[in-house]
1. Only sites in a loop by DSSP and with at most 15 other Cβ atoms within 10 Å count here; which chymotrypsin sites (Phe, Trp or Tyr not before Pro) in region 126-219 make the cut?
2. Can you tell me which of Arg200, Arg20, Arg96 moves the most in a GNM of the chain? Springs connect C-alpha atoms under 10 Å apart.
3. Label the chain by shape, choosing from rounded, prolate and oblate, from the square roots a ≥ b ≥ c of the eigenvalues of the Cα gyration tensor; if a/c is under 1.5 it is rounded, and otherwise prolate applies when a/b is larger than b/c, oblate when it is not.
4. State, to one decimal in nm, how far the label point of Ala207 lies from the label point of Leu30, with both points 7 Å from Cα in the Cβ direction.
5. Considering the chain as a Gaussian network with a 10 Å cut-off on Cα pairs, which listed residue, Gly27, Gly45, Gly184, attains the greatest mean-square fluctuation?
6. Using only alpha carbon pairs under 8 Å that are at least six residues apart, calculate the relative contact order of region 119-251 and give it in whole percent.
7. Springs between alpha-carbon pairs under 10 angstrom, Gaussian network model over the chain: which of Ser225, Ser93, Ser44 fluctuates most?
8. Expressed as a rounded percentage, what relative contact order does the chain have, with Cα pairs under 8 Å and six or more residues apart?
Amino acid sequence: MGAMIATPAFNACNEAYGWRTTLGGLGVVLVATGIIAALLAWLSGARLAAPRVGTTNSTTGSKGERPAVLGLTFFKLAGTFFFAASAGLMVLSQAREIIATYGGATTLAVAATTGLSAAIAAARISGGWLVDRFAVPHVMCAAHALALCGGLLVTFFPAPVTAVLGLGMVGVGYGFISGSTAAGVALYWPPADYGRVAGRTYIAWCAAAIGLPVLAGYLFDMTHSYVAAMMIAVAANVTGMAAALTLPKRGWRDSV
């Protein structure tokens, strides 16, 4: 929702007041929302009870042990998420410029970017819904495959319409992975471990967000084309598909 609102608002603010004012306003909003979130967490008084000893670990098949927070399953899940975020952020961070480079008007670029944010939000919710009905590795592999097809479409058929369609496929695939990652944490670990596991898992997104948008912009500056960036995104999706298929089909939640 924030990205949907911010895309047209940032564009209007940039045109009216310049990018410095836009970034300054964004900083104020981030500080304000951070303070509000901290106050709400403190006022809620929510606490999680310690898990019972002797819980069965269906991921490993052992009894009397809780699933390891930083075990093999964690690294597989985080790796799958990292590759999805790498492909998604490599492309989606440049969505407006990609559409414009392929001949799309500014209005189309802004509208498409806003629509992409809405599609990603819907896909995140859908990713959790899918994990409730299908195995995590199957959902994540299919999501990577969808994003892969979108990346190939943008690469080999460079036009405004195909760029919007391909970017939408990349965004929806990334959204599915994001939602299924959160649902996967709930499937593989008990509720009392959810916060610590999810927090560590989303470091993978942070790692991708720090480097991949910068790399995409750098490659465009060097080559005046997004083909290299798209090929890296495609490679990330292929690797993500392979990583997804190594995840367990069953987890802690299936044993209770």
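1. Values: sites: Trp129, Phe134, Phe156, Tyr174, Phe176, Tyr188, Tyr194, Tyr202, Trp205, Tyr218; in loops: Phe134, Tyr202.
Filter output for region 126-219: Phe134.
2. Highest fluctuation of the listed residues: Arg20.
3. Details: a/c = 2.47, a/b = 1.48, b/c = 1.67.
Taking the square roots of the gyration eigenvalues as a ≥ b ≥ c, the chain is oblate.
4. Taking the two extended label points, one gets 2.1 nm.
5. Gly45
6. Values: 162 pairs, mean separation 51.5, N = 133.
Reported as a whole number, the value is 39 percent.
7. Ser44
8. Working: 374 pairs, mean separation 78.0, N = 256.
Here the relative contact order equals 30 percent.
The values are calculated or read from the model by the stated rules, or taken from the named source; none is laboratory data. Computed from a prediction, not measured in an experiment: that's the story for all the values here. Cβ atoms come from the backbone with ideal geometry, glycine included; neighbour counts cover every protein chain shown. What goes into the accessible areas is simple: the full protein's heavy atoms, side chains included, and nothing from ligands, DNA or RNA. Shrake-Rupley method; radii C 1.70, N 1.55, O 1.52, S 1.80 Å.
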